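Bear in mind these aren't lab numbers, they're just calculated from the coordinates by the rules spelled out. Just so it is clear, the model here is predicted, and its values are computed rather than measured. Positions of Cβ are backbone-derived with ideal geometry, glycine not excepted, and every protein chain shown enters the neighbour counts.
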Amino acid sequence: MYVEMTVYGFTIDSVSQRPVVLLKDTEGANTVPLWISLKDGVSIAADLLCRDLANKEGRSDFLDSLLKKLELSLSRVIVDMDDGGDIVAHVCLSASGNEEVVAVGLAEALNVVLSRKLPLMVSSRLIDWATRYALNDEVVLSENNERRYADFLENLDPSQMNKLPI
């Protein structure tokens with residue numbers, strides 16, 4: 001089963017320092033974080049910028065031209081989790097009542113969703129996984145305290161140790 005979601009926003013994970021794409025369902029009840037590489041984050045931003053510039057000049061991009069020539073249309077994007085726990089994405093193409101599903105990278109799938117305003121269908125398995133491993137405020141606060149303590153210990157200067165109050 002799949003649930004329609006939207007790209008709610010982007011953020012940076014404070015622990016891993018990696019970009020995170022936040023997906024939300026239409027009711028706002030479920031949030032799915034997708035960690036992407038920095039390269040993918042830059043790729044998404046650059047693709048959106050280039051598409052905006054091309055649209056201002058009245059030109060269609062390569063994909064639009066190719067789809068028109070082949071008489072295909074993009075219908076939706078599917079994001080799922082495979083048996084190994086990896087997140088996989090597919091783009092669905094429609095032509096004459098037939099549908100073809102093409103495996104693509106997550107960044108490309110997100111680019112297609114954002115630039116062409118397509119429905120984003122997320123598997124219930126991925127939503128369940130995200131819900132099960134969602135961090136509540138108490139866990140985040142605990143991790144932040146642990147991280148601050150670790151940073152404090154790493155930054156201690158041994159020559160200053162005798163100057164610390166006991």
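The trypsin sites (Lys or Arg not before Pro) of the stretch 66-125 that meet both conditions, a loop assignment by DSSP and at most 13 other Cβ atoms within 10 Å of the site Cβ, are Lys117. With a Förster radius of 45 Å applied to the beta-carbon distance between Leu38 and Ser96, the computed FRET efficiency rounds to 0.65. Applying 1/(1 + (r/R0)^6) with r as the Cβ-Cβ distance of Glu71 and Glu154 and R0 = 41 angstrom yields a FRET efficiency of 0.10. The length gained by stretching the chain between Trp129 and Glu4 to full extension, at 0.36 nm per residue less their Cα-Cα distance, is 43.4 nm. Measuring r between the beta carbons of Thr11 and Lys117 and using R0 = 30 Å, the FRET efficiency lands at 0.85.
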